[in-house]
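The structure appears below as structure tokens.
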Amino acid sequence: MTNQELIDALREADAVRFGEFELSHGGTSEYYVDKYLFETDPRCLEAISEAFAERVSEDTKLAGVALGAVPLAAATSVTAGAPYVIARKQRKEYGTANLVEGRLEDGEEVVVLEDIVTTGTSLVDAIEALREAGATVDRALVVVDREDGGRETVEDADVEMEALVTASELLDDRE
């Protein structure tokens, strides 16, 4: 999967929009990457899962950050033949009240999957939840890095972050 093929898939899913948008951290942006459009488009989801799968082995435990990265983790799990867990940002008040759902062994190495990183706070929250549950986390794969300080926040948590696409690449040659 080439970078351009992934960019084309994101654009064909109409996941890249232009205008004035408020972001979850309170800032505004002239563009918006709609994770729900790219995660619910079969061609785009397949392209993302293939790109992630190329970067992991079947021995890798994956973690999807709830809610947005769960479809990414599930699809990548099937594509790569690798198991996954779900990392919640906060505990449920019912059932098991786990921060991490699925099978996770103490000390197990986990690669965290995330959809979009802006400030990196949500990803770091998930990393901390996984570590609290006993996981070893030193790597994260993300679909889009908005290049808004998120990489630095994640790296400050001692995690290497690899983005399939950066905002600069995604917006280059925009029509």
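Read-outs: derived from the displayed coordinates by stated rules, not from any lab. The model shown is predicted, which means the values in this text are computed figures rather than measured ones. Please note: Cβ atoms are built from the backbone with ideal geometry, for glycine as well, and neighbour counts cover all protein chains shown.
In terms of surrounding Cβ atoms within a 10 Å radius of their Cβ, Y32, Y94, Y84 rank from fewest to most as Y94, Y32, Y84.
Averaging the sequence gap over all C-alpha pairs within less than 8 Å and six or more residues apart, then dividing by the number of residues, gives the range 3-171 a relative contact order of 17 percent.
Sorting I116, I48, I86 from the fewest to the most surrounding beta carbons within 10 angstrom yields I86, I116, I48. Taking the 0 to 90 degree range and rounding to the nearest ten, how far is the long axis of helix 70-80 tilted relative to the main principal axis of the chain, both from C-alpha atoms? Approximately 80 degrees, to the nearest 10. One Cα centroid belongs to the range 142-163, the other to the range 1-61; the line between them spans 15 Å. Antiparallel as a % of all DSSP beta bridges within the chain, to the nearest 5? Around 25 percent antiparallel, to the nearest 5. Legend: calculated FRET efficiency, Q90 to E5, from the Cβ-Cβ distance at R0 = 35 Å, rounded to 0.05, equals 0.45. For the chain, the pair-distance distribution built from all alpha carbon pairs, in bins 5 Å wide starting at 0, is 1, 9, 18, 22, 21, 15, 8, 4, 1, 0 percent.
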